[in-house]
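Colleague: Sharing a structure, written as structure tokens. Questions coming.
The values are calculated or read from the model by the stated rules, or taken from the named source; none is laboratory data. Just so it is clear, the model here is predicted, and its values are computed rather than measured. Ideal geometry is used to build each Cβ from the backbone, glycine not excepted, and the neighbour counts take in all protein chains shown.
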Amino acid sequence: MEPLRSTDPARIAGYRVLGRLGAGGMGVVLLGRSPGGALVAIKLIRAEYADDAGFRTRFRREVAIARQVRNRWAVPVVDADTEAPAPWLATEFVPGPALSEAVGGGGPLPERSVRALGAMLAEALEAVHGAGLVHRDVKPGNVLLGLDGPRLIDFGIARALDDTVLTATDAIVGSPGFLSPEQAQGRRIGPASDVFSLGCVLVYAATAGRPFGSGPVEAMLFRTVHDTAELSALPPGLRPVVEGCLSKDPQERPSAADIRRAFAEDAVGGSWLPGPVTHLIAERSARMLALPDIEATSLDARAAGGPTDTRPGTGAGNTTAVPASPGRRRFLAYVGGGVALAAAGGTTAWLVSSGDGQGTGGGGKGGGGTPRRELRIGLQADLSGPGAALGAGQERAARLAVDEHNAREDVPFTLRLTTVDDRGDEERARAAVRGFAEDPLLVAVIGATGTDAAREALVAYDEAAMPVLSVVDGDIRHLNRVFLCARPRNDMQMLPVSQYLGAYDIDRIALVDDGTEYGRQTTRFLDAGLRGNGRTVFAETVREGSRDLDAEAERIVAKKPGAVVYGGGLPGAGPFAKALAAAGFRGPRLGTQAVHDPRFLAEAGEDAAGWLVVSTAADPASVPSVREFAAAYRKRFDAVPPLFAAEAYDAVGLIAACALELDREQLSRQDLLPALRTTSYKGVSKSYAFEPANGMYTGTGVFVYRVERGRFRYAGMDGAEV
């Protein structure tokens, strides 16, 4: 990072500017800190673009689209002002080096690292293309390296700049050596152009060279259009995929999904980067500790009789002036690849004295009559929409846990539960986050129950630096700095299926997805794992509502599979089970988390009998460890607890256990987050543990059920007893 120059603003909107990250033809990239303490990279657009009405229209449109990109390997747009005199956008800051820096300074990456890089960047491009964007500038400088994976940046403005930049003399869109032939010739481009650029990036990562050489721009562009790529130094294992990416004909290139599938097994497990690069990332991240906190403002300096910062800003007379911070500090622990890192920030804390005893679980006194401190927990759930039954069960279970905690006399604080009904609606989900964030006594949230609501809420929770535990959502796209996935993620729930098929030596497996993102997540790693163990796999897609469902089932059965694994969601599961039975298949049939639902039993009827279902929910009706909780729930609410109620009960216990372990008079959200991510907790449903770096679940907790007599009967856990 470089120091600020006299022409750089001291503040942009609510962000304090800390330094320069870089500059280019379109403007300058600045490091900023939000009022809540989060670090962001702010792109400030040059005046000549800002004065172009056409550019503003495109910029406005592209920023709106870019906000919809949701992928763990694509750096999200978190804020923007497309109407400012100097328009800008802010993205999440990644402290790691660019691929260009890592390779330029340390040499090529090992083949496995390059394969993992390809899988994760391809996944990011899938999300970009799925949002209707074409990146247009996939290059090593736009790939930042993190301990858990790469981050693709700059997908928010590439197309908006396209027409404007093309009007400039000797200007091209993209970077020579990494752009596609159609870009070099000024032709219309699509997602295949990004695939070509990705191929160039993989060559660079593996060889430290460009596939079409270097030298004058005109020469590189000519070779890109007319010459064959130079791949002699490329490891043989990478050549088939890379050669496909570098086809001159866009129609002959693989899709981003094809590339992801080709490299999928290398994107899983362990440190993905060589040691020197890991240490470089650690060193870069540690530097963030030295950055000034948000309270060091010019107003503070004026109060102390010091000089006033008069660099260009947003205040009157270009003088920076913001209210003094109350001295809040943030501590964010990031652990990954064996390196522990900390970053400074700000938000205060909050276990406070409260003896009113009002509301859900509030107040209370210790054994000596002294009012106990209060810790508030939020619960965001769909209580009146399509997921009301699930949400109400979580709310009741959380209340039961709160009341049981408050009945204890050996704890120094009481709990209070604050509940918000989001009805499964995205806007109400965002409003719920705003309400929680404004409560200084609330330190963590359990939620949300709806997939769409969860996606929207997680972005807002990240901005509010609010730890959020989800006992329902296992979508691997929802990784961010505050999220804890309190159940095995969608792709990992299938491990017992692999164990089952291996234990019974079953070959020729029909692996069926429904064409959805959920179906892709549940089947892709299982597919790679089965093939890697020498199994024959028939990968099939049977979409929900297919008019030829019977014919598709007959086609699958005609291949004589030893087992059929359905990796799709609930809507298509029942009809598929009936079609499979009608086609005469009687062998092992296995379903996912989504199939663990009474509606599957109702829709499939007698054709559901014998199905094995893997699930991350401890069914209160049949899992032995949950029986005591289920009895207490029935006694309290005169109702049978639904799925995931026991997990919500455990989530309250997990938060309380972390707070007890920290044993602080004042406890902040930022204190609690690293504690949650590094704790192990034995709940009534399962054992909880998390990846400190990203909050993903690492504990036990995949249950297997067999459908018998119209019910889900517990058959074992994590494949051990099936």
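Colleague: As an exercise: evaluate TYR697 against (1) closer than 27 Å to ASP410 by Cβ; (2) out of contact with any helix residue (DSSP H, G or I) (no Cβ under 6 Å at 6 or more places or on another chain); (3) surrounded by 19 or more Cβ atoms within 10 Å (Cβ to Cβ) and give the number of the one condition it does not meet.
Modeller: It fails just one condition, (1).
Colleague: Scan ALA604, ALA657, ALA621 and give me the residue that is on the phi < 0 side of the Ramachandran plot, among the aliphatic types (A, V, I, L, M) and at pLDDT 95 or above.
Modeller: Step by step, each of ALA604, ALA657, ALA621 is checked, and only ALA604 is on the phi < 0 side of the Ramachandran plot, among the aliphatic types (A, V, I, L, M) and at pLDDT 95 or above.
Colleague: Still on this structure, please answer the following. Restricting to region 125-181, count the residues that are modelled with pLDDT under 85, small (Gly, Ala, Ser) and over 25 Å from ARG481 (Cα atoms).
Modeller: Residues in region 125-181 being modelled with pLDDT under 85, small (Gly, Ala, Ser) and over 25 Å from ARG481 (Cα atoms): 7 in total.
Colleague: So which residues in region 417-440 are closer than 30 Å to ARG664 by Cβ and free of Cβ contacts under 8 Å to residues at least 60 places away in the same chain?
Modeller: If the condition is that a residue be closer than 30 Å to ARG664 by Cβ and free of Cβ contacts under 8 Å to residues at least 60 places away in the same chain, then THR418, THR419, VAL420, ALA432, VAL433, ARG434, GLY435, PHE436, ALA437, GLU438 are the ones that fit.
Colleague: A further question on this structure: Identify all residues within region 67-94 that are in contact (Cβ under 8 Å) with a residue 60 or more places away in the chain and within 26 Å of PHE263 (Cα to Cα); write none if there are none.
Modeller: Correct list: GLN68, VAL69, ARG70, ASN71, ARG72, TRP73, ALA74, VAL75, PRO76.
Colleague: Of (1) in contact (Cβ under 8 Å) with a residue 12 or more places away in the chain; (2) surrounded by fewer than 17 Cβ atoms within 10 Å (Cβ to Cβ), ALA551 satisfies all except one. Which?
Modeller: Among (1) in contact (Cβ under 8 Å) with a residue 12 or more places away in the chain; (2) surrounded by fewer than 17 Cβ atoms within 10 Å (Cβ to Cβ), ALA551 violates only (1).
Colleague: Hey, can you tell me all the residues within region 192-231 that are charged (D, E, K, R) and under 19 Å from ALA116 (Cα atoms)?
Modeller: If the condition is that a residue be charged (D, E, K, R) and under 19 Å from ALA116 (Cα atoms), then ASP194 is the only one that fits.
Colleague: If the requirement is being in contact (Cβ under 8 Å) with a residue 12 or more places away in the chain, of a type in the set (Ser, Thr, Tyr) and surrounded by 22 or more Cβ atoms within 10 Å (Cβ to Cβ), which of these qualifies: SER214, SER271, SER255, SER193?
Modeller: Just a single option satisfies the conditions, and that option is SER193.
Colleague: Report the residue count in region 426-443 for those that are surrounded by 19 or more Cβ atoms within 10 Å (Cβ to Cβ) and within 24 Å of ALA389 (Cβ to Cβ).
Modeller: Going residue by residue through region 426-443, those that are surrounded by 19 or more Cβ atoms within 10 Å (Cβ to Cβ) are 428-429, 432-433, 436-437, 442-443.
Then drop every residue that is not within 24 Å of ALA389 (Cβ to Cβ), which leaves 428-429, 432-433, 436.
Summing the residues that are surrounded by 19 or more Cβ atoms within 10 Å (Cβ to Cβ) and within 24 Å of ALA389 (Cβ to Cβ) in region 426-443 gives 5.
Colleague: Another one. In region 472-546, which strands (runs of 3 or more DSSP E) lie fully inside it and hold 1 or more residues that are closer than 24 Å to ILE446 by Cα and among the aliphatic types (A, V, I, L, M)?
Modeller: Of the strands (runs of 3 or more DSSP E) lying wholly inside region 472-546, those with at least 1 residues that are closer than 24 Å to ILE446 by Cα and among the aliphatic types (A, V, I, L, M) span 483-485.
Colleague: Would you confirm whether or not region 616-635 contains a residue that is more than 16 Å from VAL684 (Cα to Cα) and β-branched (Val, Ile, Thr)?
Modeller: No, region 616-635 contains no residue that is more than 16 Å from VAL684 (Cα to Cα) and β-branched (Val, Ile, Thr).
Colleague: Under 28 Å from GLU111 (Cα atoms) and surrounded by 21 or more Cβ atoms within 10 Å (Cβ to Cβ): does that describe ALA205?
Modeller: So ALA205 passes the test.
Colleague: Given the criterion of a type outside the set (A, V, I, L, M, F, W, C), surrounded by fewer than 16 Cβ atoms within 10 Å (Cβ to Cβ) and not assigned by TED's automatic domain parsing to the domain that holds ASP439, identify the matching residue among ARG46, ARG72, ARG58, ARG20.
Modeller: ARG46
Residue-by-condition table, conditions (1) of a type in the set (Asp, Glu); (2) under 20 Å from LEU152 (Cβ atoms):
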site: ALA13; (1), (2): no, no
site: GLY27; (1), (2): no, yes
site: LEU44; (1), (2): no, no
site: GLU62; (1), (2): yes, yes
site: VAL77; (1), (2): no, yes
site: ALA102; (1), (2): no, yes
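Colleague: Something else: Based on what the data block shows, is VAL652 over 29 Å from the mean Cα position of the chain (by Cα), crowded, with 23+ Cβ neighbours inside 10 Å and touching a residue at least 40 places away in the same chain (Cβ under 8 Å)?
Modeller: no
Colleague: Is it the case that region 680-689 has a residue that's in the same structural domain as ALA632 (by TED's automatic domain parsing), at pLDDT 80 or above, of a type in the set (Val, Ile, Thr) and in contact with a strand residue (DSSP E or B) (Cβ under 8 Å, 6 or more places away or on another chain)?
Modeller: no
Colleague: Would you say VAL557 is in the same structural domain as LEU379 (by TED's automatic domain parsing), buried (at least 17 other Cβ atoms within 10 Å of the Cβ) and of a type in the set (A, V, I, L, M)? It would help to see each step written out before you state the result.
Modeller: Details: in the same structural domain as LEU379 (by TED's automatic domain parsing): no; buried (at least 17 other Cβ atoms within 10 Å of the Cβ): yes; of a type in the set (A, V, I, L, M): yes.
Judged against the criteria, VAL557 is not a match.
Colleague: Could you grab me the full set of residues in region 208-232 that are of a type in the set (Ser, Thr, Tyr) and modelled with pLDDT under 90?
Modeller: Result: SER214, single match.
Colleague: So which residues in region 563-583 are part of a loop (DSSP other than H, G, I, E, B) and modelled with pLDDT under 95, if there are any at all?
Modeller: Of region 563-583, the ones part of a loop (DSSP other than H, G, I, E, B) are 567-569, 583.
Passing the criteria: GLY567, GLY568, GLY569.
Colleague: Could you grab me the full set of residues in region 665-681 that are surrounded by 14 or more Cβ atoms within 10 Å (Cβ to Cβ) and touching a residue at least 40 places away in the same chain (Cβ under 8 Å)?
Modeller: Narrowing region 665-681 to residues surrounded by 14 or more Cβ atoms within 10 Å (Cβ to Cβ): 667-679, 681.
Answer for region 665-681, where residues must be surrounded by 14 or more Cβ atoms within 10 Å (Cβ to Cβ) and touching a residue at least 40 places away in the same chain (Cβ under 8 Å): LEU667, SER668, ARG669, GLN670, ASP671, LEU672, LEU673, PRO674, LEU676, ARG677, THR678.
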